[in-house]
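Here is the structure we will look at.
FYI, it's all coordinate maths here, none of it is from the lab. Predicted, not measured: the structure shown is a model, and the values here were computed from it. In this analysis, Cβ positions are derived from the backbone assuming ideal geometry, glycine residues included, and neighbour counts consider all displayed protein chains.
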Amino acid sequence: MRNIKNIVLITILFTSIYLHAGRFAGDFLEIGSGVRALGMGGAFVAVADDASTIYWNAAGISQLDEAEINIMRAYLYDGLAYYDNLTYCQPLPNNVTIGLNWTRLTIDEIPLFPEEELVYNVDMRSSFPDLNLSGQPNGFFMSTDDIFQFAFSKHIHYDINFGWLFFKLPLDLHFGGNIKYIKRKIFNNLGKGTGFDFSVLTKTDLKVLTDQDWMGELAFGFNFQDVGGTVITWDTESNHEDEILFNTKIGFAFFQPLEFINSELIFSIDKDYVYEAISHYGAELNYNNIISARLGYYDSNFSTGMSIKLYNFNVDYAFVTNVLGNTNRVGLRIYF
């Protein structure tokens, strides 16, 4: 079983190497940060109200009322890789919030085979059994992809006046972005690059717009990732360069209070446009700000999750189906 896993791993690894110069060089960035967001199928651009939103929509971090630390670990591809995330967000005066994020994708125990065994062709190996491949690795090495992000966001509240016969519509605007530094390491080679994301989130109260006291809030957000393209330069003799393509994420979210059960229901939908348009759908039911349950769907994958809040700690879990192996994510959010 372990040999089969190694073969699959090597195939994934070296396929990604050959695709570096093509349109899939930034696919490792599409995995997504956070536990809650993936439990909602990645439909989080317009929700964007916890620290993990540095990845989804950095403008949303100015929705945070207090400092937050977000820690996550996920096991990918049936345990062949693991994905870690650490985020810190700090509200500042004047409705400004800043955040720091570190995310790492790790594949370890990749077998390293002797290069001299590859110089003999099939005819020579069939004629001289001693030249057959031994199948024994010389050792093992590790591949890592690191992303470091500094995010910032500004919140502006504005009331749109429709005239004295009508009403003033409250509008909350959040503007933000992040500067990212990417470091990729495969065996003895290192690739580095920097990029920039710009994002906006707007939210309004449907209670005022519809004159119905039971209505909730509607939010719209978009995130322009890797504006202008992000170039990763490798320390090879040719200084090979990969380009991470520009991506647009657009999302809508509806927040509906359910006062009769002291809860809130969220429906959200996102679209990514980096390759072909991929839709993400998510839902969350939050009871008394203590326990939450989630469902999500995107690109033929289903997800579910839940959270439990104890004092200033929020324990998160998400399960995501995938053709390469189902994923379990666990995380902790700390407020102070």
10 °C / 1.306 mPa s Stokes-Einstein diffusion coefficient of the stretch 274-336, Kirkwood radius on C-alpha pairs, µm²/s: 122 µm²/s
Please give me the summed charge of the neighbours of I69: other residues whose Cβ is under 12 Å from its Cβ, Lys and Arg +1, Asp and Glu -1. -2
To the nearest 0.05, the calculated FRET efficiency linking T144 and Q212 through their beta-carbon distance, R0 being 56 Å, is 0.60
When the Cα centres of the stretch 28-83 and the stretch 192-210 are compared, how far apart do they sit, in Å? 16 Å
What is the magnitude of the charge dipole of the stretch 217-263 about its Cα centre, with +1 placed on the Cβ of each Lys and Arg, -1 on the Cβ of each Asp and Glu, and no other charges, expressed in debye to the nearest 20? 360 debye
So, counting K/R as plus one and D/E as minus one, what does the shell of residues with Cβ under 14 Å around G193 add up to? -3
Where labels lie 7 Å past Cα in the beta-carbon direction, separation of L324 and Y158 in nm: 4.2 nm
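Under 12 Å from the Cβ of R329, count the other residues' Cβ atoms, weight Lys and Arg +1, Asp and Glu -1, and hand me the total.
Numbers: positive: R36, R73, R294; negative: D84, D316.
Local net charge: +1.
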Too long for a 24 Å Cα-Cα cut-off, among K207/K249; K154/K203; K203/K249, are K207/K249
Estimated inter-spin distance, D108 and N312, nm [label 7 Å along Cα→Cβ]: 3.2 nm
Exposure proxy order (Cβ contacts within 10 Å, fewest to most) of Y287, Y297: Y287, Y297
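Neighbour counts of other C-beta atoms within 10 Å: give me T194, T230, T87 arranged from fewest to most. Mind showing how you got there, number by number?
Numbers: T194 12, T230 22, T87 27.
Exposure proxy ranking, most exposed first: T194, T230, T87.
Can you tell me the length gained on complete extension of the stretch S279 to I334, counting 0.36 nm per residue apart and subtracting the Cα distance?
Values: separation 55, 0.36 × 55 = 19.80 nm, distance 3.03 nm.
Using 0.36 nm per residue and subtracting the Cα-Cα distance, I get 16.8 nm.
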Mark the label point 7 Å from the Cα of F220 along Cα→Cβ and return the residues of the stretch 35-55 whose backbone N is within less than 14 Å of it. 46
